[in-house]
Each structure stands twice: as structure tokens, then as C-alpha cells.
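Read the structure below first, then the notes.
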Amino acid sequence: MRFIGDEDISSNGVTDNKEANGGFKKLLLFSGNDYLGLSSHPTIARAVAKAAQEHGMGPRGSALICGYTNYHRLLESSLADLKKKEDCLLCPTGFSANMAVMVALGNIVSLLVAAEKPMKEDRIAIFSDALNHASIIDGIRLAERQHTVDVYVYRHCDMSHLSSLLSSCELKKKVVVTDSLFSMDGDFAPMIELVNLRERHGFLLVIDDAHGTFVCGKHGGGVAEEFNCDRQVDICIGTLSKAAGCHGGFIACSKKWKQLIQSRGRSFIFSTSSPVPIAAAAHAAVIVGKREGWRRKAIWNRVQEFRALTGIPITSPIISLIVGSEEKALKASRHLLKSGFHVTAIRPPTVPPNSCRLRVTLCATHTTDDLKKLTAALSCCINFQDISLCSSRGTARL
């Protein structure tokens, strides 16, 4: 994958990458989320072009007014099938999908209880991983403003802590929400342990599978498919702007949950639906993503190769190389830029202070030779032995 770099030292730690003749320097992109390389797939390009020629952008309105078409329905059906769920609801982005689910959860109590101010025992307990995505956190904040939920943040992937919180919580209605594959650390949620806790405590299990969809599982069904627990996940939120190479978000769930979110998820209700060509492209991406399994195999081959080349025990295509200070992260990013690689320095507020990092992402279009060149450049600015001992201990605050 080739990328034309920008000039932006203030926000990205990128030095001037114009050539002496005034042109631009081509960079190998190791910081994007186009995991399968589908953003430039000819089948998807033809689908978007055909839909645009026939319908332009399509009707411009929210899905509940006039923005919902047969293209959107086909996409929803294909995603429901992929996630092994009864139905699916499209949202403009993955961020808005998480927001819609969390806000809808906050509305449940007011729908069930006639009193203006619900009793303590009527409230819903939401348990959230400390490193969940910002869209989950912001959605929970909005739900809290309705004074119908109690929020518990458990230590990152710490099932003992979660179990303790669940056991001590006296509320009957419980929800556990977690990223399936964490975007900044590249580690997986302990799905099997979560499923076991679900059976014991009877909570609603919600996962954000943004980085797992199409990347994990035999058919690209995501992290739940990878761990063979699709049926135990009640609501699966995802995005079409990463491995699908398109744009948009979705919520795979039961028909009843879809009806609730449609009627109470404000970020869905009051947003214009995705343009018809985008829906057509995403539907083509679902088909291609399931059919071309070699792309998933290529990603995981790159993961194994990176591990062998560096000795860093990575477990996913998201590689978090924590270097500490902002200065160190920016310096390393600039070195990689000069070496022909686009790898962005990640700094606060995205990550906690003193856990600044280089976030490297692998995709199916990278070659073994690309990885060899990247790791050679990385070895000049970071110590792999030190990196392999690092881990994130930060807590995202609600």
C-alpha cells in the first residue's frame, strides 16, 4: 500500500516530506485500518461507481424519513448473516453506533417504569472495560445523564475484578460492554471468560468488534466467531470504515433490540443515512471479505513474521510499541518518515501520559519484504527487547 504523506509536524510529528524537486515522497502506510486492502478492490470500486451513476448520492435524509433504500436493507441482511444475528441496524459511523446503543440502554428504565424518578432497584448497571473506545465512554456519559444507569469500570481485561463487581452489584439488570480487539493496545478481550461470567450472572453482553470484523474468524465474522461464541454475544457493534474499506457503522442484534435502538438511539435517529453508493460498496465489501479468505490468512502471516523479526509477542495486526514520552514517540515517527514509512506517534489524550507509542498496523497488502524493511528502520530508533516488556496500564475515565 502506498501513501502520499502530508506536511504536519504539529499534529502528527511528521517532518517536511517534499522532495527537492517540489514533489511528494511516497510512503509505505503502516498506520491505517484498511486491514484487508479492500478500499481499492476493483469489485467494490465497480459497485460504488454503478450505484452513483444510477442514483447519484441517493435520497438525502435520515433512515426513518427517506434515507433507507433497498441498498441499505441488503447491507443490513448481509451483516446480520455475517454476525449470526437476527437483524442489523446501519448507522452513519461506528462512533454513532456505539452512542446509539448506550443511549438506548439508558432509556430502558423510563420505558418500563411509570414513575418520573425510577427507584434505585429499577436502574441498569453498566460494566465497562477501562480501555474501551471513546465512543462507548461518551455514550455511557450520555446514558448517565438520564439518571437511570449505574456505571462500573473494571480494570482492563481483568475478569476477577469484573466478577467481583458483578457479584457485589444488587441491581438485577446488568450490561457488560467491551471492545473485542482493543484499538490502542492490540489485545483481545477474554471472550471465553466473559461468556462464562454471562452464564453465571445473566448480563447482556455487548461488544464493539470494530477491529475484529472481517479480520478474525474463518468467514470474517469477527472476534466472537474466532472464539466460537457468536451466539453468546447479544449485541455486536461494528464499523465499515476499517477492514471493509468503506464507511459507516452497524449494530447486529435481535429484532427487538433493533426496534428499541431505532426509536431511542438519538445518534441514529437524527443522522442522515449513508449515501447509496457507500451502502452498495459496503455490501460488495461484505461479499468480497467473506469470499477472499486469503486476505485474512495474509494478515495473520504478517503477524507471525513481525513476531519472528522482532521477538515482540504480538497477538494481532495492531502493534502497540510503547516508548514513553511524547518526545521519544515523535522522534521515532520522524525517523520512520525519513526511512519511507508512515507510522504515527500516538500521544495524550488518546493514550495516558508517559505511554506514548508508535501504533503499527499490518494489512493483507503488506509483503514480507515490507515488514523486513520496516523492522530494520524500527530497530534504529527503539529497543525491541524493552518494547516487549511494556504494557498499557492506563485507565480511560468515565
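The values are calculated or read from the model by the stated rules, or taken from the named source; none is laboratory data. Note that the structure is predicted; figures quoted are calculated from it, not measured. Using ideal geometry, Cβ is built from the backbone for each residue, glycine included, and neighbour counts are taken over all protein chains shown. Protein only, heavy atoms only, side chains kept; ligands, DNA and RNA dropped before computing areas. Shrake-Rupley method; radii C 1.70, N 1.55, O 1.52, S 1.80 Å.
Restricting segment 352-378 to residues that are at pLDDT 95 or above and among the small types (Gly, Ala, Ser), the residue that is surrounded by the fewest Cβ atoms within 10 Å (Cβ to Cβ) is Ala376. Within segment 232-253, residues that are among the acidic types (Asp, Glu) reach partners that are open to solvent by less than 10 Å² (accessible area, probe 1.4 Å) with beta carbons closer than 8 Å, at six or more positions or on different chains, in the pairs Asp234/Leu205; Asp234/Val206; Asp234/Cys253. Every listed requirement among (1) closer than 27 Å to Ala130 by Cβ; (2) outside any strand (DSSP E or B); (3) at pLDDT below 95 is met by Gln385 save one, (1).
Residues of segment 261-272 that are assigned to a helix (DSSP H, G or I) and crowded, with 19+ Cβ neighbours inside 10 Å: Ile261, Arg264, Ser267, Phe268. Scanning segment 30-65 for residues that are open to solvent by 30 Å² or more (accessible area, probe 1.4 Å) and aliphatic (A, V, I, L, M) returns Ala45, Val48, Ala49, Ala52, Met57, Leu64, Ile65.
Could you list, in sequence order, the residues of segment 240-260 that are assigned to a loop (DSSP other than H, G, I, E, B) and surrounded by 18 or more Cβ atoms within 10 Å (Cβ to Cβ)? I'd like the intermediate steps shown before the answer.
Going residue by residue through segment 240-260, those that are assigned to a loop (DSSP other than H, G, I, E, B) are 240-248, 254.
Across segment 240-260, the qualifying residues are Leu240, Ser241, Lys242, Ala243, Ala244, Gly245, Cys246, His247, Gly248.
Go through the residues of segment 337-345 one by one and say whether even a single one is farther than 28 Å from Ile140 by Cα and part of a helix (DSSP H, G or I). Checked segment 337-345: at least one residue is farther than 28 Å from Ile140 by Cα and part of a helix (DSSP H, G or I).
Every residue, every condition in (1) closer than 23 Å to Gly212 by Cβ; (2) at pLDDT 95 or above; (3) open to solvent by 40 Å² or more (accessible area, probe 1.4 Å), yes or no:
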position: Val103; (1), (2), (3): no, yes, no
position: Ser110; (1), (2), (3): no, no, yes
position: Ala115; (1), (2), (3): no, no, yes
position: Ser135; (1), (2), (3): yes, yes, no
position: Gly139; (1), (2), (3): yes, yes, no
position: Tyr152; (1), (2), (3): no, yes, yes
position: Leu171; (1), (2), (3): no, yes, no
position: Val177; (1), (2), (3): yes, yes, no
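Within segment 319-376, the set of residues being more than 24 Å from the chain's Cα centre (by Cα) and basic (Lys, Arg) comprises Lys328, Lys331, Arg334, Lys338, Lys372, Lys373. Take the residues of segment 213-239 that are farther than 20 Å from Glu86 by Cβ and not hydroxyl-bearing (Ser, Thr, Tyr): which is most open to solvent (accessible area, probe 1.4 Å)? If we take residues in segment 213-239 being farther than 20 Å from Glu86 by Cβ and not hydroxyl-bearing (Ser, Thr, Tyr), then Lys218 is most open to solvent (accessible area, probe 1.4 Å).
Give the residues of segment 66-91 that are open to solvent by 30 Å² or more (accessible area, probe 1.4 Å) and farther than 21 Å from Ala224 by Cβ, sorted by residue number. If you could, list the steps in order and put the result at the bottom.
Taking segment 66-91 as the starting set, the residues that turn out to be open to solvent by 30 Å² or more (accessible area, probe 1.4 Å) are 66, 68, 70-71, 73-74, 77, 81, 84-86.
Selection gives Cys66, Tyr68, Asn70, Tyr71, Arg73, Leu74.
I'm trying to understand the selection: among the residues of segment 235-249, which are closer than 26 Å to Val175 by Cα and more than 9 Å from the chain's Cα centre (by Cα)? Correct list: Ile235, Cys236, Leu240, Gly248, Gly249.
Residues checked against (1) open to solvent by 50 Å² or more (accessible area, probe 1.4 Å); (2) touching a strand residue (DSSP E or B) at 6+ places or on another chain (Cβ under 8 Å); (3) within 30 Å of Ser96 (Cβ to Cβ); (4) among the hydrophobic types (A, V, I, L, M, F, W, C):
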residue	(1), (2), (3), (4)
Arg291	yes, no, yes, no
Trp294	yes, no, no, yes
Arg307	yes, no, no, no
Pro313	yes, no, no, no
Ile318	no, yes, yes, yes
Lys328	yes, yes, no, no
Lys338	yes, no, no, no
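Looking at segment 186-244 only, could you name the residues that are farther than 17 Å from Asp34 by Cα and polar (S, T, N, Q)? Within segment 186-244, Asn196, Asn228, Gln232 qualify.
Among all positions in segment 321-335, there is no residue which is of a type in the set (Val, Ile, Thr), in contact (Cβ under 8 Å) with a residue 40 or more places away in the chain and not in a strand (DSSP E or B).
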